[in-house]
1. Condition check: without any contact (Cβ under 8 Å) to a residue 12 or more places away in the chain and among the hydrophobic types (A, V, I, L, M, F, W, C). Does V87 satisfy that?
2. Name the single residue that is modelled with the highest pLDDT among those in the stretch 102-112 being in a loop (DSSP other than H, G, I, E, B) and of a type outside the set (V, I, T).
3. Return the residue satisfying two criteria in turn: it lies in the stretch 54-81 and is open to solvent by 20 Å² or more (accessible area, probe 1.4 Å) and among the hydrophobic types (A, V, I, L, M, F, W, C), and of such residues it is modelled with the lowest pLDDT.
4. Identify all residues within the stretch 102-112 that are in contact (Cβ under 8 Å) with a residue 40 or more places away in the chain, more than 16 Å from N64 (Cα to Cα) and open to solvent by 50 Å² or more (accessible area, probe 1.4 Å); write none if there are none.
5. Can you find even one residue in the stretch 48-57 that is among the small types (G, A, S) and closer than 25 Å to E20 by Cα?
6. Filter the stretch 50-79 down to the residues that are in contact (Cβ under 8 Å) with a residue 40 or more places away in the chain and of a type in the set (F, W, Y) and list them by number.
7. When you scan the stretch 41-51, do you find a residue that is at pLDDT below 60 and either open to solvent by less than 100 Å² (accessible area, probe 1.4 Å) or more than 13 Å from E107 (Cα to Cα) (or both), even just one?
8. Within the stretch 82-101, can you find the residues that are open to solvent by 30 Å² or more (accessible area, probe 1.4 Å), over 16 Å from T61 (Cα atoms) and not in a loop (DSSP other than H, G, I, E, B)?
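The values are calculated or read from the model by the stated rules, or taken from the named source; none is laboratory data. Predicted model only: the values in this text are computed from it and were never measured. Note that we place each Cβ from the backbone using ideal geometry, even for glycine, and neighbour counts take in every protein chain shown. Ligands, DNA and RNA are excluded from the accessible area calculation, which covers all protein heavy atoms including side chains. Shrake-Rupley method; radii C 1.70, N 1.55, O 1.52, S 1.80 Å.
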Amino acid sequence: MSELITPTENTKKKFNTQVEEGHYLASYDTLERFIGYFYQIDFIRKLKPKTILEIGIGNRTTSNYLKEQGFEVTTCDFDKRLKPDVVVDVRDLPFKEATFDLVTCFEILEHI
């Protein structure tokens with residue numbers, strides 16, 4: 001697990017959950033989504049990072065696949081129901097600078 005730094009005041013200002021429970025299970029299992037996962041994974045593999053931070057984990061398809069392929073992936077999300085490695089507000093990430101070789105953030109900006 002990556003080393004964390006002390007959170008600031010921003011982490012005390014929580015987001016409200018943006019999607020209903022179960023959203024990432026049913027609505028994300030489409031051909032279009034799986035094509036998107038392929039492109040995400042393909043892009044990441046070509047970069048060959050050793051350590052990856054995935055912000056916004058959705059249904060874990062991308063992070064689970066990458067972990068199975070031997071990548072060191074740390075997941076973070078503000079929604080504790082998704083069981084990320086680190087529950088955190090994206091506006092105040094608690095990681096030291098240069099902790100990860102790659103930071104990914106797919107399909108989340110529309111939720112902020």
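1. So V87 fits the description; yes.
2. Per the stated criteria, the residue is C105.
3. Checking each candidate, the answer is F78.
4. Of everything in the stretch 102-112, those that are in contact (Cβ under 8 Å) with a residue 40 or more places away in the chain, more than 16 Å from N64 (Cα to Cα) and open to solvent by 50 Å² or more (accessible area, probe 1.4 Å) turn out to be E107, I112.
5. For the stretch 48-57, residues among the small types (G, A, S) and closer than 25 Å to E20 by Cα: present.
6. Answer for the stretch 50-79, where residues must be in contact (Cβ under 8 Å) with a residue 40 or more places away in the chain and of a type in the set (F, W, Y): just F78.
7. For the stretch 41-51, residues at pLDDT below 60 and either open to solvent by less than 100 Å² (accessible area, probe 1.4 Å) or more than 13 Å from E107 (Cα to Cα) (or both): absent.
8. V87, V90, R91, listed by residue number.
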